[in-house]
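Colleague: Have a look at this one.
Read-outs: derived from the displayed coordinates by stated rules, not from any lab. None of these values were measured; they are calculated from a predicted model. Because the Cβ atoms are built from the backbone with ideal geometry, glycine has one as well, and the counts that use them run over all protein chains shown.
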Amino acid sequence: MTRINKCTFKKNVAFYAACFAFTVTLFVTLAVAGHVYPFGDNSFLAGDLKYQYIDFFAWFRRVLLGEENLRYSFSQGLGMNTWGLYSYYLASPFNLLCVLFPKDKLTLFVFVIAALKLGCIHISSAWFLQKRFGLPKPAAFLLSLSFTFCSWTISNLRNPLWIDCLILLPICAYGCYELIRKQRMIRLVIATALNIMFCWYTAYISILFLCIFVLVEFIDYVTEEEFCWKLMFDRALRFAGAIALGLLLSAWTFLPTILAMSKGGPVMTLGPLLKTSIKSLIRGFLPCMWVNNESTPQFYCGIIMMLLAVSLLVNRTISIKTRIATLVVTIILVASSVLSPLEYIWCGMRVPNGFYSRTAFLLSFFALWAAGYAFQKLNERPTLRRAHRPAIIMPLLALTAIELFANAHVMWNQLYTGYSEEANSAYIATATDTITAIQDQTSASFYRIDRTTTRVDSAALNEGLTLGYNQLSSYSSANNPQAIALLNSLGYSSIGEFSTRYAEPILAVDALLGVKYAISENAPAGYVLAKTNQADSTSAVYENPYALSIGVAASSDIQNSTLKSENPFEKQNDLYSKILGREVELYTKIEATSTENSNSLKQWSVTVPASSIGYLYINKDATAGSYWPVTLTIDQRTIENEAWRFDNNIRQIADASDAPSQHTVSIGVAEGYTDMPQDDEPVFYALNLDVFRQIINELKTSEFIPTVFEDGKIEGEYTAKDDGNLLLSVPYDEGWNITVNGTAAELTPAADKGLSSLNVQKGTNRIVMTYKTPGALAGLAVSLATAAALVAAGLYAGHKKSRR
């Protein structure tokens, strides 16, 4: 390396170090000003960070430490292929740092990687501006800072899985430029592969954007070169080839991800055509005007950068074709946050649930490109060549930094408030003690635990992943949809949601699914107080004496069965009937007398029969959607929000008694609402305890009690009285490899594919089940073959070049 090159290298290193350091400093200053942890008690866990991701990080830390299985987990729903969880939420290389932090300091880990990611965004976008437009370092610093601290980034630090895309997008964009101008594909290939590996969801969005962006670069290129169809087809084929090669390189993770997440699940209907109003749209472009109301897009990305970007459209030194292309793309990107059909396309042909304007970062990046282009042209003018000198650029940089800081501070004051980090830490410590006490007193290899309280609100439903226990509750976009659908249809949550909340124990289903312990605020009917109680003052640990093991003998009716869906009680009757091979009535309907019926209050008098547990379930109004609850009152017990997304559970009216008991049930307008869904109607049923006990005793005579029950592995001996079926409370999944007495066997779907059935023979059956991620080996083979082909092609090209 020559002396000049060494000097240039050192200057570049210093420049990028300055970009990183400035961004991290600004980020830390934001936290200090907002009293955000670790500089205050406002937790850095906001939005889905506190509901979902923090539990996923805790689980991933346990995986890296060898305590959990990366391929499969029984800690969510009834069990799930966790490759989708990993590739969607956890594949960022930054997440490997979680092993450096104690389990009670994971909020600090999230804060640290957010700072690191922001610093890397500043570096990559500054690099892009210098490489693509040859901008001087001060200008590149200012514009890339604006992109780094744009409104979208600041508001979506609560979605850390999406942030890596902003690091790779500038590299992908420069790859498009190289492909068009220099016919080089390798940078785009590698950057695309890394984008897919780190988060396939944002990779899809960015690849869709690159298909548009590369056209702008091509149009700009052909304004300098003569257009011909041959040139266009050549570049189109190269671009398509680069994207395809990127997909093939990432097949080791992409293929098993597609197989894991393509099992269907609830599909939300497309909403109104317009996602926002003109007023909110305008607010989205202005600093300090964003409102956390799911209708204000995050378009703001620094006034200077936005003005420069707009100036490109009126700069006559730039080709009219380039300017028109820029305007068209800008309109498309703005419209993508306004029109539901466009948003639907960008979000993978799915209606997004929350986090409005997910694609706004694309407009911010395109503004960065347009501003860089405009500044390049301005810099060519003799009168403006000195505009980047310190005397001019430093005040502009200071103003930009202040403006970006003020905007971010306003946003953080809305996002990082109302959740205490001290309370979060205290809850985790208490929950850990509770679960440890249960696990220490129980020697069984299989049992499930769940709780009616959560860490925050009603949506922190992944605690089993954090603390290493098997639970039914689940809140994740990467789950087993058939298992979640079954649980919800049996009365645990709203039908059609992709989450399940164990809001209240349901004795008959809990028993069948092996829920042995319930941590509950109220004593659940049929349960007994556990011997060891380490729960907090608001809840206690209860033991279910009827809990079954992982498998029971079942009739052939259960195989490939579809359950009746009139209501959760009839569904449970049908499930037990199919297991036993005869009609049974665990539940009988209770006739309730209406005592009041108005638009704001409905009330019933309910008589629960003797020796029965009384239950109710609210069948929601078809127009109620996910976020229109009611207040439910059962005698003196009030549930503030019922029949909505996270609380639509079978509710206990009364425990069994020797004589019939009278109760009053009412539903009314929930707090914060002016009315209630008029067609919300509760159904009332009684669980006959004598019938229930008889059935459980019958099933207990044919239990499969495994000797090994681990994530992704089940082993044990089962003695069958006759040839027949073994019903497993494990969701049907093609990834299970099974041998029975050394001979390969296959699972059969059961109960809407939410459970599994296995054929067994009379006598002793040695069952071994191991889980292998579907598509993993095939994907790895494709990736290795693609990598080998690229290396070979590179060596061949290098050899040809050297011969010349």
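Colleague: At what distance in angstrom do the alpha carbon centres of segment 94-170 and segment 676-706 lie from each other?
Modeller: 52 Å
Colleague: Counting only residues 5 or more places away or on other chains, whose amide H sits under 5 Å from the amide H of residue 555 once H atoms are built in the peptide plane?
Modeller: Hits under the 5 Å cutoff: 580, 581.
Colleague: Now a separate question. For segment 231-327, what does the alpha-carbon gyration tensor say about shape, rounded, prolate or oblate, given a ≥ b ≥ c as the root eigenvalues, a/c under 1.5 as rounded, and a/b over b/c as prolate? Write down the numbers at each step before the final one.
Modeller: Details: a/c = 2.53, a/b = 1.18, b/c = 2.14.
Since a/c reaches 1.5 but b/c is at least a/b, the shape of segment 231-327 is classed as oblate.
Colleague: Order by neighbour count: 393, 653, 212, fewest other Cβ atoms within 10 Å first, most last. It would help to have the intermediate numbers written out before the result.
Modeller: Values: 393 18, 653 24, 212 15.
Lowest to highest Cβ neighbour count: 212, 393, 653.
Colleague: With an 8 Å Cα cut-off and a minimum separation of 6 or more residues, compute the relative contact order for segment 13-129 in percent. Don't skip to the answer; put the middle values down first.
Modeller: Values: 90 pairs, mean separation 40.1, N = 117.
Dividing the mean separation by the residue count of segment 13-129 yields 34 percent.
Colleague: Got the relative contact order for the chain handy, in percent, Cα pairs under 8 Å and 6 or more residues apart?
Modeller: On the way: 1537 pairs, mean separation 111.1, N = 804.
For the chain, the relative contact order is 14 percent.
Colleague: Using the Karplus equation 6.51 cos²θ - 1.76 cosθ + 1.60 (θ = phi - 60°), what ³J(HN,Hα) coupling, rounded to whole Hz, does each residue of segment 224-232 give in order, writing x for Gly and Pro?
Modeller: Listing the rounded values in order: 9, 10, 6, 6, 8, 5, 4, 4, 5 Hz.
Colleague: Return one quarter of the surface area of the convex hull spanned by the alpha-carbon atoms of segment 693-803, equal to its mean projected area, in nm².
Modeller: Numbers: hull surface 41.6 nm².
Taking a quarter of the hull surface, the average projection is 10.4 nm².
Colleague: Quick check on the chain: helices-only [θ] at 222 nm, where DSSP H runs of length 4 and up contribute -39,500 (n - 2.57) each and the sum goes over total residues. Nearest 500, please. Intermediate values should be presented prior to the final figure.
Modeller: Working: 23 runs with 360 residues, N = 804.
That calculation yields -15000 deg cm²/dmol at 222 nm.
Colleague: Let me ask another. At 0.36 nm per residue, minus the direct Cα-Cα distance, what do residue 762 and residue 678 gain on full extension? Give it in nm, one decimal, please.
Modeller: Working: separation 84, 0.36 × 84 = 30.24 nm, distance 5.48 nm.
Fully extending the segment from residue 762 to residue 678 adds 24.8 nm.
Colleague: Pairwise over distinct Cα atoms, reciprocal of the mean inverse distance: report the Kirkwood radius of segment 588-697 in Å, one decimal place.
Modeller: On the way: mean 1/r = 0.0690 Å⁻¹.
So the Kirkwood estimate lands at 14.5 Å.
Colleague: Also, quick follow-up: May I ask you to evaluate 6.51 cos²θ - 1.76 cosθ + 1.60, the Karplus curve with θ = phi - 60°, for each residue of segment 627-637 and list the ³J(HN,Hα) values in order in whole Hz, giving x for glycine and proline?
Modeller: 10, 10, x, 10, 8, 10, 10, 10, 6, 9, 9
Colleague: For segment 467-484 and segment 285-330, what is the separation of their C-alpha centers, rounded to whole Å?
Modeller: 42 Å
Colleague: Turning to a different aspect of this structure: Could you go through segment 63-76 in sequence order and give the Karplus-derived ³J(HN,Hα) for each residue, using 6.51 cos²θ - 1.76 cosθ + 1.60 with θ = phi - 60°, rounded to whole Hz, and x for Gly and Pro?
Modeller: For segment 63-76, the Karplus curve yields 4, 5, 8, x, 8, 9, 9, 5, 8, 8, 9, 8, 8, 9 Hz.
Colleague: Can you give the Kirkwood hydrodynamic radius of segment 330-452 from its Cα pairs, in Å with one decimal?
Modeller: Numbers: mean 1/r = 0.0483 Å⁻¹.
Hydrodynamic radius (Kirkwood, Cα only) of segment 330-452 equals 20.7 Å.
Colleague: Relative to 2.2 N^0.38 Å, what does the C-alpha radius of gyration of segment 422-543 come to as a ratio? Two decimals please. Please report the intermediate quantities before stating the final value.
Modeller: Values: Rg = 13.7 Å, N = 122, 2.2 N^0.38 = 13.7 Å.
The reported ratio for this selection is 1.01.
Colleague: Okay, next question. Across bins of 5 angstrom width beginning at 0, how are the C-alpha pair distances of segment 168-274 distributed, in whole percent?
Modeller: That works out to 2, 12, 21, 19, 14, 11, 10, 7, 4, 1, 0, in percent per bin.
Colleague: Out of (1) 14, 43, 30, 11, 1; (2) 11, 27, 24, 16, 11, 7, 3, 1, 0, 0; (3) 11, 34, 33, 15, 6, 0, which label holds the value of P(r) over Cα pairs in 20 Å bins from 0, in percent that was computed here?
Modeller: (1)
Colleague: Over segment 427-482, how many percent of alpha carbon pairs lie in each 5 Å bin up to the one with the longest distance?
Modeller: Pairs per bin, as whole percents: 4, 17, 29, 25, 14, 9, 3.
Colleague: With the alpha-carbon atoms as the only input, what is the per residue convex hull volume for segment 398-461 in Å³? Mind showing how you got there, number by number?
Modeller: Working: hull volume 8.6 nm³, N = 64.
Convex hull volume per residue, Cα atoms: 134 Å³.
Colleague: Among the Cys residues of the chain, which have no other cysteine Cβ under 4.7 angstrom away?
Modeller: Flagged as lacking a Cys partner: 7, 19, 98, 120, 165, 172, 176, 199, 211, 228, 288, 347.
Colleague: Now for a separate question. Pairs 721/753; 564/589; 10/131; 182/377: which exceed 24 Å Cα-Cα?
Modeller: Numbers: 721/753 26 Å; 564/589 16 Å; 10/131 17 Å; 182/377 21 Å.
Too far apart for the 24 Å limit: 721/753.
Colleague: Out of residues 5 or more away from residue 419 or on other chains, whose amide H comes under 5 Å of its own, with H placed 1.01 Å from N in the peptide plane?
Modeller: The answer is 43.
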